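Read the structure below first, then the notes.
We did not get these values from a lab; they are worked out from the coordinates using the rules stated. All values reported here derive from a predicted model rather than from experimental measurement. Positions of Cβ are generated from backbone atoms using ideal geometry, with glycine treated the same way; all protein chains shown enter the neighbour counts.
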Amino acid sequence: MPLAVRRVGGTEAGAATYTLGPGEAFRLDACTFRVAWSNTGIFVTPTLQARNQGGDLIADIAAPSVVLSNPEFPSGFSYTVPAVMADAVTIQAPDGYGGYLLHDFGGTVTTSQITGAFDAPPATQGWATEVWLKSAGAASMGPVIGTETVENTDTVPVTLTAPIAAGHHLLIHVIFLSPQNWINPVTADQPVVTDSVGGNPLVPPPVPNVLLPVWGQTSLQRSDGLFLSSWVVFLEIVNPLAAGDTVTLTNVRGPMEWLRADVNDLTGLDGPGPIGPNAGGNYIQIGQTPGASPFTSTATPTPKWVGPVLINDSEIFPLGGNLDVSLARGETHPIPEPFSSQTPAPTYAQMGLPDLHLRQGDTITATSMDETGPRVGDLIENFLIYAVDE
């Protein structure tokens, strides 16, 4: 019986899968792949899974884990002009960071560029955007009252942990990993937002720029080609929501590989549309992609800061390191204790395979896991399968 090599090849986010074709059957002898891990979580466990054509798991083989003893966790953006402030909400994303805040500059117009900084470890790139809001008086943003993270889906349901009253606005902030650049979309594909009570409309996109379906967009490309993007939308609360009610956002562009949503209660904003212009000028959104930290925005004309301003930002960090994985048929040894990786230098893991005979419609998947499940921020590269045809 000949030995054949199946090359999945390429680079896949989170997992790479080979499906046996019509009439194909073989005994799995060995496989190799590389995990390029992201700066997320505490450890990485490279894993090989086999499923039958009905999707039932028939093998789940874990190689030794790598403990990320020195992961790079960003500490966020801070802003020094025209007011000293820092992100109120911070989010760790796959090889990245997201944060946002609402600052009320009051009724006095201050003309100034804004100076920002992201702290060590240095990011490869960062982006900050500002959204001017309308308010007759003081406006404020409460703490997060709901958060949810999902993978490989276009829909994220968030359960509220506190009520939100009629006349307020619910801020929905999302940050996600996908193959699409979310800046300057070519279609007006505003997300769909529903809630378990109903009758609470989404604030419409700005006019005349109807192609901008969301507010405060950032979109930064990782070294693997995937984009880390973030933005906000606002839900006008006509019918109050209670703790335990749900708000569901659907991204109409399709599934995101990793998606997190956070929601906050905004008070004091004008309704129904709380977006500028205001007394500070006809600004809706400006942005800055710094090449270094600190940076100064270069908007023209110089922004006039007044009233409530929402600032959304994100950063990209290099991939954490590489783990080369080899699994071969033979005696299956107990998994040894996890070992540490102090640097991004390539690391090697080895594991035995049980006797696996696969046929048409079965699948073999190379992936990486941690205590929460699949690590979708990791990359699976150069998946090779060595098998004896049957």
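Taking Lys and Arg as +1 and Asp and Glu as -1, the other residues whose beta-carbon sits under 14 Å from that of Ala243 total -3. The length gained on full extension between Thr298 and Ala243, counted as 0.36 nm times the residue separation minus their Cα-Cα distance, comes to 15.6 nm.
Summing charges over all other residues whose Cβ lies under 9 Å from the Cβ of Ile311, with Lys and Arg as +1 and Asp and Glu as -1, gives -3. Karplus-based coupling profile of the range 106-114, in residue order and whole Hz: x, x, 8, 6, 10, 8, 6, 6, 10, with θ = phi - 60° in 6.51 cos²θ - 1.76 cosθ + 1.60 and x standing for Gly or Pro. Over all other residues within a Cβ to Cβ distance under 10 Å of Gly41, the charged ones net out to -2, with Lys and Arg as +1 and Asp and Glu as -1. Each listed q (0.07, 0.14, 0.15 Å⁻¹) maps to a log10 I(q)/I(0) for the range 77-316, found by the Debye formula over equal Cα scatterers with no solvent: -0.21, -0.89, -1.03. The label-point distance for Ile42 and Asn181, in a model that sets each label 7 Å from Cα toward Cβ, rounds to 3.9 nm. For Arg359 and Asn52, the difference between the fully extended length at 0.36 nm per residue and the C-alpha to C-alpha distance is 109.7 nm. Converting phi to 3J(HN,Hα) with the Karplus coefficients 6.51, -1.76 and 1.60 and the offset θ = phi - 60°, the range 152-161 yields 6, 8, 9, 10, 10, x, 10, 8, 6, 9 Hz in sequence order, with x at every glycine or proline.
With Cα atoms defining each centre, the range 99-168 and the range 6-49 are spaced 38 Å apart in the structure.
Remark on Glu24: its backbone amide H falls under 5 Å from those of Gln360, a criterion applied only to residues 5 or more positions apart or on other chains, H modelled at 1.01 Å from N.
Residues whose amide H lies under 5 Å from that of Gly271, counting only those 5 or more places away or on a different chain, are absent; hydrogens are built 1.01 Å from N in the peptide plane.
Where does each of 166-176, 77-87, 49-59 land if you order them by average Cβ count within 10 Å, highest first?
Values: 166-176: 22.1, 77-87: 17.4, 49-59: 13.4.
Packing proxy ranking, top to bottom: 166-176, 77-87, 49-59.
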